[in-house]
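The values are calculated or read from the model by the stated rules, or taken from the named source; none is laboratory data. Everything quoted here is computed from the prediction, not taken from an experiment. All Cβ positions, even for glycine, are placed from backbone atoms using ideal geometry, and neighbour counts span all protein chains on display. Just the protein is used for accessible areas: all its heavy atoms, side chains included, with ligands, DNA and RNA removed. Shrake-Rupley method; radii C 1.70, N 1.55, O 1.52, S 1.80 Å.
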Amino acid sequence: MVSEAVIWSIFLLPLGSFVFAALVVRPFFNRFSIVSGFVTIAALGTALGFSIMTLRSVILGHHLEFEPFEWLVVGDATIEMGLLMDPLTALMLVVVTGVSLLVQIYSLGYMKGDPSFSRYYAYMSLFTAAMLGLVLSSNIIQLYMFWELVGVSSYLLIGFWHERPAAAAAAKKAFIITRIGDVGFLIAILYLFTQADTFAVAGLNAFNIPDIWQAAQPEAAAGAIIGGAALTWLALGIFVGAAGKSGQFPLHTWLPDAMEGPTPVSALIHAATMVAAGVFLVARFFPIFEQSVDAMTVVALVGAFTAVFAASMGLVMNDIKRVMAYSTVSQLGYMMAALGLGLYAPAIFHLVTHAAFKALLFLGAGSVNHATGTFDMRYMGGLRKHMPVTYVLVLIAGLALVGIIPLAGFWSKDEILLGAWNGDGIVDTWVSRVTFFSLIAGVVATAFYTIRMIILTFHGEFRGGIEKELEDKSKADPAAEASHGGIHLHESPFVMVLPMAVLGVAAVFIGYLANPQWVDEFGIPQHWITGFLADGLAESLGAVGHHETLEFSWSMAAVSTAAALSGIGLAAVLYLRRKGQGTDPLERIKPVHTMLSEKYYMDTLYENVIVRKGFYRVFAGTLDWIERNLVDGTVDLIGWFFRNIGTVIGKMQTGQVQTYATGIAFGTLAIILALLLAN
């Protein structure tokens, strides 16, 4: 059994590497900045080892409950700090530390020669520590603190190359939009604060997460402390915060722009960790959500719409990282839809598999950029001849994303589709049906944009890379930047290929690797991981009925595979025949292509209509008028009054004693008169 010190070390190790890189190496030994990378990798390797030990201990059923310590008392509310260790936490620890370790190893090659190498590793360590702190938190205030630290860290990483205007703007956009979502989360916390005395009467703490779970259960000793409309609004407030972090519609617009950060940053925070924090948040408070049909319906429908909405935009993107960004938004929609349908374990299962194959896809994008100098797929092509290992690994990850058997994405996505079709009685049948057909449409779109990306990047002939891109840009704009790092059409260094290979193995086997009962009567793996998660949820609530029993379905596998193959076939027909840099086949449907390329004009709506014309002209303009005329006017009036009353009183200072005596006499009479009237 692991000790409390070991679990705290999982958080403290990356925090220590942050302090070392930021406060020791960067200011004093920056010429040896590579030490920051080695220390970060060592810290994360140790943290991963401790995380695996913790997961093993949870699997074996060891008692891992630790006494929290009191931090702050505000009225009836007591804020405690502590550890919450359950199957969800144990699994997330391995995912976060594992993917982070591989990304940091990859970064040794990708970020080599960057003048801010130590700063990069400091930020990455801080982000990883914040994410681990979020996962381990047993108190919603503690969780919120790390939630915001994750946001700050992502701001620093997205804007890492802040000298680029696009990167600075993307970091600011991500920070603002996610803060908008966080307002909903904060309101939910404030509501809990107002109920602190009610919780205290029942012997519960309004901020401790297990106590919040119990307060929402109708079978609690005193009945549900939180119920009815209040419970629904509490759940929706938490969901708004989750939607901001996980890029759910309509708070999704920041995530594609966040690709301005270094590619390893995208692999870590936009595939496996930060964006998954929103899914984790809903899963962490799932016992709250499942007590409200309305909240579950909202989560399911928003997730389903986001899945197909984001996938449609991925169809036309030319930047390989933006294709992956919209794919991430879409897959997060699958996870949210699953949670909304009550499929707690399949949602987290898909989070785990997605972390492997999507991180690999982002690292693959960084690898081809390392070779061609560009992220624009129109200037790639033919790379499978020069980068065969990267090609095979990206193909594996792409097929896992599409959901082709027996790769990891097939098992997790099929469980979601099967659960959506079957329904579980929490939401209305029509919600399950709408969600199912939306997700099937998402499968077709996912297959299309994935195969399109692979064909444009690796097949055909090489189309010039960054040199051709800059040549075309200079024709359109003679003042365009003309410097670049050159083209290196060969496989990436071993330090970059090795983490990709590990993720490739995970993308193949993670769907059924940890399965003690390898096959059922059909020879199909039964997913131990979903039972592990569902059992853990039921045990933590002390309740029955949370165990999801989804048997493998050949018919559902056939439907999902047919949908995937239809998307693959259509993309192959359209793009394998395409020669050179001709018009994209999708541009033939001009109005649709334009709408998708403009991202449904959501950025125009937000930035031009709502912000510049709506927010600034109306809301901010009104506040400006109130400030100038009412607030400043009142202050100026008070100042004018006292300046002038001083002048008046000053003129009464004559220096004549009899005048002062007269004033005293009249003042005395006034006081006596006032007392008489008062009595």
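Would you be able to say whether some residue in the range 654-670 is surrounded by 12 or more Cβ atoms within 10 Å (Cβ to Cβ), touching a residue at least 60 places away in the same chain (Cβ under 8 Å) and in a helix (DSSP H, G or I)?
Taking every residue of the range 654-670 in turn, none turns out to be surrounded by 12 or more Cβ atoms within 10 Å (Cβ to Cβ), touching a residue at least 60 places away in the same chain (Cβ under 8 Å) and in a helix (DSSP H, G or I).
Go through (1) under 14 Å from Ile140 (Cβ atoms); (2) hydrophobic (A, V, I, L, M, F, W, C); (3) in a loop (DSSP other than H, G, I, E, B) for Phe249 and report which single condition fails.
Condition (1) is where Phe249 drops out.
Which pairs have Cβ atoms under 6 Å, sit 6 or more apart or on different chains, and link a residue in the range 152-169 that is touching a residue at least 24 places away in the same chain (Cβ under 8 Å) and within 15 Å of Leu255 (Cβ to Cβ) to one that is surrounded by 13 or more Cβ atoms within 10 Å (Cβ to Cβ) and hydroxyl-bearing (Ser, Thr, Tyr)?
If the second residue must be surrounded by 13 or more Cβ atoms within 10 Å (Cβ to Cβ) and hydroxyl-bearing (Ser, Thr, Tyr), the pairs left are Leu157/Tyr123.
In this structure, is Leu360 open to solvent by less than 10 Å² (accessible area, probe 1.4 Å), over 22 Å from Leu417 (Cβ atoms) and in contact with a Gly (Cβ under 8 Å, 6 or more places away or on another chain)? Break it down stepwise before answering.
Values: open to solvent by less than 10 Å² (accessible area, probe 1.4 Å): yes; over 22 Å from Leu417 (Cβ atoms): yes; in contact with a Gly (Cβ under 8 Å, 6 or more places away or on another chain): yes.
Considered against the rule, which asks whether it is open to solvent by less than 10 Å² (accessible area, probe 1.4 Å), over 22 Å from Leu417 (Cβ atoms) and in contact with a Gly (Cβ under 8 Å, 6 or more places away or on another chain), Leu360 comes out as yes.
Restricting attention to the range 575-593, which residues are open to solvent by 50 Å² or more (accessible area, probe 1.4 Å) and in a helix (DSSP H, G or I)?
So the first thing to find is which residues in the range 575-593 are open to solvent by 50 Å² or more (accessible area, probe 1.4 Å), and the list is 576-579, 581, 583, 587-592.
Listed by number, the residues that qualify are Glu587, Arg588, Lys590, Pro591, Val592.
Which pairs turn up if I take residues in the range 291-307 that are over 26 Å from Tyr600 (Cβ atoms) and look for partners that are open to solvent by 10 Å² or more (accessible area, probe 1.4 Å) and among the charged types (D, E, K, R) with beta carbon separation below 7 Å, at least 6 apart in sequence or on another chain?
Listed pairs, sorted by first residue: Met296/Glu290.
May I ask you to list the residues in the range 290-315 that are under 19 Å from the mean Cα position of the chain (by Cα), open to solvent by less than 10 Å² (accessible area, probe 1.4 Å) and within 30 Å of Asn208 (Cβ to Cβ)?
Passing the criteria: Val299, Ala300, Gly303.
Of everything in the range 61-93, what is buried (at least 19 other Cβ atoms within 10 Å of the Cβ), under 19 Å from Val2 (Cα atoms) and of a type in the set (A, V, I, L, M, F, W, C)? Give them in sequence order.
If the condition is that a residue be buried (at least 19 other Cβ atoms within 10 Å of the Cβ), under 19 Å from Val2 (Cα atoms) and of a type in the set (A, V, I, L, M, F, W, C), then Leu64, Leu83, Leu84, Met85, Leu88, Ala90, Leu91, Met92, Leu93 are the ones that fit.
Would you mind finding the one in Ile320, Ile404, Ile348 that is β-branched (Val, Ile, Thr) and surrounded by fewer than 24 Cβ atoms within 10 Å (Cβ to Cβ)? Spell out the reasoning first.
Working: Ile320 fails: surrounded by fewer than 24 Cβ atoms within 10 Å (Cβ to Cβ); Ile348 fails: surrounded by fewer than 24 Cβ atoms within 10 Å (Cβ to Cβ).
Unique residue meeting the criteria: Ile404.
Within the range 39-58, how many residues turn out to be in contact with a Gly (Cβ under 7 Å, 6 or more places away or on another chain) and without any contact (Cβ under 8 Å) to a residue 60 or more places away in the chain? Spell out the reasoning first.
Within the range 39-58, the subset in contact with a Gly (Cβ under 7 Å, 6 or more places away or on another chain) is 43, 48.
Applying the additional criterion that residues be without any contact (Cβ under 8 Å) to a residue 60 or more places away in the chain yields 48.
Selection size over the range 39-58: 1.
Determine which member of the set Asp257, Asp211, Asp197 is acidic (Asp, Glu), surrounded by fewer than 23 Cβ atoms within 10 Å (Cβ to Cβ), in contact with a strand residue (DSSP E or B) (Cβ under 9 Å, 6 or more places away or on another chain) and at pLDDT 85 or above. Full working, then the answer.
Details: Asp257 fails: in contact with a strand residue (DSSP E or B) (Cβ under 9 Å, 6 or more places away or on another chain); Asp211 fails: in contact with a strand residue (DSSP E or B) (Cβ under 9 Å, 6 or more places away or on another chain).
Step by step, each of Asp257, Asp211, Asp197 is checked, and only Asp197 is acidic (Asp, Glu), surrounded by fewer than 23 Cβ atoms within 10 Å (Cβ to Cβ), in contact with a strand residue (DSSP E or B) (Cβ under 9 Å, 6 or more places away or on another chain) and at pLDDT 85 or above.
Inside the range 68-79, can you point out the residues that are assigned to a loop (DSSP other than H, G, I, E, B) and closer than 12 Å to Asn208 by Cα?
Of the range 68-79, the ones assigned to a loop (DSSP other than H, G, I, E, B) are 68, 75-76.
Once the filter is applied, which keeps residues that are assigned to a loop (DSSP other than H, G, I, E, B) and closer than 12 Å to Asn208 by Cα, the range 68-79 yields only Pro68.
Might you check whether a residue that is in contact with a Ser or Thr (Cβ under 8 Å, 6 or more places away or on another chain), open to solvent by 30 Å² or more (accessible area, probe 1.4 Å) and of a type in the set (Ser, Thr, Tyr) occurs anywhere in the range 46-60?
yes
Check whether at least one residue in the range 451-462 is farther than 30 Å from Ala563 by Cβ and either modelled with pLDDT under 95 or out of contact with any helix residue (DSSP H, G or I) (no Cβ under 8 Å at 6 or more places or on another chain) (or both), and report yes or no.
Pass one, the range 451-462, residues farther than 30 Å from Ala563 by Cβ: 461-462.
In the following step, the residues that additionally are either modelled with pLDDT under 95 or out of contact with any helix residue (DSSP H, G or I) (no Cβ under 8 Å at 6 or more places or on another chain) (or both) were identified as 461-462.
Scanning the range 451-462, I find at least one residue that is farther than 30 Å from Ala563 by Cβ and either modelled with pLDDT under 95 or out of contact with any helix residue (DSSP H, G or I) (no Cβ under 8 Å at 6 or more places or on another chain) (or both), so the answer is yes.
I need a count of the residues in the range 19-51 that are among the hydrophobic types (A, V, I, L, M, F, W, C) and not in a helix (DSSP H, G or I).
Number satisfying all stated conditions: 1.
Would you check if Met85 is touching a strand residue (DSSP E or B) at 6+ places or on another chain (Cβ under 8 Å) and either in contact (Cβ under 8 Å) with a residue 60 or more places away in the chain or closer than 23 Å to Gly151 by Cβ (or both)? Full working, then the answer.
Working: touching a strand residue (DSSP E or B) at 6+ places or on another chain (Cβ under 8 Å): no; either in contact (Cβ under 8 Å) with a residue 60 or more places away in the chain or closer than 23 Å to Gly151 by Cβ (or both): yes.
No; evaluated as a whole, the condition is false for this residue.
Scan (1) loosely packed, with under 10 Cβ neighbours inside 10 Å; (2) more than 60 Å from the chain's Cα centre (by Cα) for the single condition Leu673 breaks and write down its number.
(1)
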